[in-house]
1. Going by average Cβ neighbours within 10 Å, how do the peptides 43-51, 6-14 rank, with the highest at the top?
2. If we restrict to alpha carbons, what Rg and Dmax does the chain come to, in Å?
3. Can you tell me which lysines have their Cα less than 23 Å from the Cα of K177? Leave out same-chain residues fewer than eight positions away.
4. For segment 3-154, what does the relative contact order come out to in percent, with C-alpha contacts under 8 Å and a separation of six or more?
5. Express the relative contact order of segment 203-280 as a whole percentage, based on alpha carbon pairs under 8 Å and six or more residues apart in sequence.
6. Which is the longest part of the chain that has none of the GluC sites (Glu not before Pro) sitting in a DSSP loop with at most 14 other Cβ atoms within 10 Å?
7. Between A253 and V107, how many nm apart are label points set 7 Å from Cα along the C-beta direction?
8. If contacts are Cα pairs under 8 angstrom and at least 6 residues apart, what is the relative contact order of the chain in percent?
Amino acid sequence: MATYSRISARRGNYVVLDMSFMRGGVLTDPYAIVKVDIYKTQIAPHNLVATFVMPDPCDPLYPAPLSWVTTDVPAGDCGTEAQPGVPIPGKYELLWLVPCDAVAPDVYFDVWTYFPSNPCDCIDSTECGTVCPDLSSDAFASAMLTTCGRFWVYPDNWYANDGLTTIRLGFEPLDQKFQYPERRPLEIGIMPLPLYDYDFNLVAPILPYLQGTISIWTQNGELLANQLPLEIGLRQGSYRTNPYVLRYMLDTACFIKGTYNYRVTVTLPDGTTRTSKDFVFTVS
């Protein structure tokens, strides 16, 4: 079974439901994540399809079935050893096996319920006399917060094409000016062509599954990045025919101030590729 992201989950396969918790703009672990509820179509009791309950934060199994997102810390200049798989504070993910009979295509919602801090710090309750208070107590209900994510489930991973129609795609650069230093996504819109007269049933199902890469070079032709992977994301606003974007996390600290060229390439399910013209972004 394959593993997919939020934008393109498939029935009978795993989807990674990631969530980041921040306090004051800094990634921070909440005191306790209580549960994650998954709904289809809309958040309503009759649309609940799965619930994952986490153990108490004092339990050594916490936060299972969640897991922390990890990163590899390289060796330091002062002789510190490299540390693989170091958890990133505040970043969690839930690996959910989408049922084979799940309703698809459809939008799903994952609702995370959590305590941002120890409720005993601000609530006087008899439950607070223990080392690990009973978080299921009604006395703590007002201290809980919820946050909602969304993801899309599609029927399967098959693609069929009779070969009569050539899929055409256009690319629209959405970001051109960056400041130093900042770290934010460079986004390129994807447009099926002709924009308002394309074969929706042929093209729309494949857009969330496009595999994209980006290459970046200087104005003098010096290659800085060669075919680095891109993510598929959603464009902000109401876009019905072209809602998807290709996204690359651009860290301007890795560039000197100036103008750079870049080009993106996407691979379609039939193995053919589409490449954009050369675009430009500046770091100032």
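1. 6-14, 43-51
2. Using the Cα atoms of the chain, the pair Rg, Dmax is 22.5, 72 Å.
3. Within reach: K257, K277.
4. Here the relative contact order equals 32 percent.
5. Computed value for segment 203-280: 33 percent relative contact order.
6. 82-181
7. For A253 paired with V107, the spin-label model returns 3.5 nm.
8. In percent, rounded to a whole number, it is 16.
Read-outs throughout are calculated quantities, based only on the coordinates presented, and are distinct from any laboratory measurement. None of these values were measured; they are calculated from a predicted model. Methodologically, a virtual Cβ is constructed for each residue, glycine included, from the backbone with ideal geometry; neighbour enumeration extends over all protein chains shown.
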